[in-house]
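Working notes, structure below.
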Amino acid sequence: MDILSFKGLGNKALGVKDFSGKFFQTPFTFTDTFTAANGTALTAHTADTSEVWAFGFGSLQTAPALIIDNGVYSPASTTREYRSAWVPPSADYYAEGVFQHYTTISDNFGICGRFQADAQTYYLAHWSSTAGGWRLLKCLAGTVTQVGSSLYADTFTSGSRNVRLTMEGATIKVSIDGVVRITETDANITLKGSTGLRWAAAQTSTTGRHCMSLTADVL
């Protein structure tokens with residue numbers, strides 16, 4: 001079976017030549033709309049595109065994020081990371097999530113990219129009440145720091161936000177509702193890893209900002 005790289009239908013993909021000589025396209029999109037029974041743990045859930053979820057790393061692997069009304073929230077008051085089993089074909093991809101405001105509480109959450117659980121490493125498009133908006137963070141060997149100094153101020157007290165983390169080489173971007181708000185250069189994380197989610201504040205089924213979907217695709 002031969003493999004041919006090509007671009008089609010708006011996505012990069014691999015073309016696979018079967019034994020009859022025909023080529024067909026294999027997409028690499030990840031999608032999760034969190035369709036599951038209320039109360040299902042994220043770690044017991046399978047994405048729309050068939051990938052499972054697991055805790056990212058560390059000893060804090062209790063009180064997992066829960067699904068409610070096709071969204072996800074974290075009941076834990078301390079940091080929890082979750083990594084999908086999606087395997088992108090390269091390190092150049094985006095991860096995009098929709099977050100919905102339910103009530104205003106002290107919140108802390110974000111979308112991970114190039115997430116390597118064994119190395120405790122990822123980029124993070126991050127919102128927190130303390131910062132008062134969106135920042136780009138990185139986690140290296142379990143230590144989280146900000147990339148650059150940019151902050152996109154956003155109190156996020158109503159509605160929803162479409163958040164995209166784009167990683168292309170050493171250029172890392174955070175977009176909010178279709179507009180690039182943060183662009184930084186950072187070459188610390190080069191392996192493709194996967195996408196995921198992170199929380200560091202307690203929410204309930206009716207409070208905070210819940211993640212309503214997560215998608216990822218190669219650039």
Would a scan of the stretch 109-117 turn up a residue that is on the phi < 0 side of the Ramachandran plot, of a type in the set (A, V, I, L, M) and at pLDDT below 95?
yes
Consider V144 against the criteria (1) hydrophobic (A, V, I, L, M, F, W, C); (2) buried (at least 18 other Cβ atoms within 10 Å of the Cβ); (3) assigned to a strand (DSSP E or B): it satisfies all of them except one. Which criterion is unmet?
(2)
By residue number, the members of the stretch 72-93 that are outside any strand (DSSP E or B), more than 23 Å from S129 (Cα to Cα) and not aromatic (F, W, Y) are A85, V87, P88, P89, S90, A91, D92
State whether one or more residues within the stretch 130-141 are touching a residue at least 24 places away in the same chain (Cβ under 8 Å), more than 19 Å from D107 (Cα to Cα), out of contact with any Cys (no Cβ under 7 Å at 6 or more places or on another chain) and hydroxyl-bearing (S, T, Y).
no
Over the stretch 52-65, the set of residues of a type in the set (A, V, I, L, M), at negative phi and surrounded by fewer than 22 Cβ atoms within 10 Å (Cβ to Cβ) is V52, A54, L60
So is R161 buried (at least 18 other Cβ atoms within 10 Å of the Cβ) and charged (D, E, K, R) or not?
no
M167 meets each of (1) under 24 Å from A117 (Cβ atoms); (2) surrounded by fewer than 19 Cβ atoms within 10 Å (Cβ to Cβ) with one exception, condition (2)
Of (1) of a type in the set (S, T, N, Q); (2) closer than 26 Å to D217 by Cα; (3) touching a Phe, Trp or Tyr at 6+ places or on another chain (Cβ under 8 Å), Q100 fails just (3)
Residues located in the stretch 94-106, provided they are surrounded by fewer than 24 Cβ atoms within 10 Å (Cβ to Cβ) and either in a loop (DSSP other than H, G, I, E, B) or touching a Gly at 6+ places or on another chain (Cβ under 8 Å) (or both):
Y94, Q100, H101, Y102, T103, T104, I105, S106
Please specify each residue of the stretch 183-210 satisfying the condition of being of a type in the set (A, V, I, L, M) and either without any contact (Cβ under 8 Å) to a residue 40 or more places away in the chain or part of a loop (DSSP other than H, G, I, E, B) (or both).
A187, I189, L191, A200, A201, A202
Which of the numbered conditions does M167 fail, given that it passes all the others? Conditions: (1) at positive phi; (2) in contact with a Gly (Cβ under 7 Å, 6 or more places away or on another chain).
(1)
Looking only at the stretch 170-182, count how many residues are exposed (fewer than 13 other Cβ atoms within 10 Å of the Cβ) and assigned to a strand (DSSP E or B).
2
The condition from (1) modelled with pLDDT under 95; (2) part of a strand (DSSP E or B); (3) within 16 Å of the chain's Cα centre (by Cα) that F57 misses is numbered (2)
Return a yes/no flag: does the stretch 64-71 have any residue that is assigned to a loop (DSSP other than H, G, I, E, B), of a type in the set (D, E) and out of contact with any His (no Cβ under 7 Å at 6 or more places or on another chain).
yes
What pairs come up if the first residue lies in the stretch 27-41 and is closer than 11 Å to D69 by Cβ and of a type in the set (A, V, I, L, M), the second is at pLDDT 95 or above and surrounded by fewer than 14 Cβ atoms within 10 Å (Cβ to Cβ), and their beta carbons are under 6 Å apart, counting only those six or more places apart or on different chains?
none
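The values are calculated or read from the model by the stated rules, or taken from the named source; none is laboratory data. None of the values given here were measured: they were computed from a predicted structure. Backbone-built Cβ (ideal geometry, glycine too); neighbour counts: all protein chains shown.
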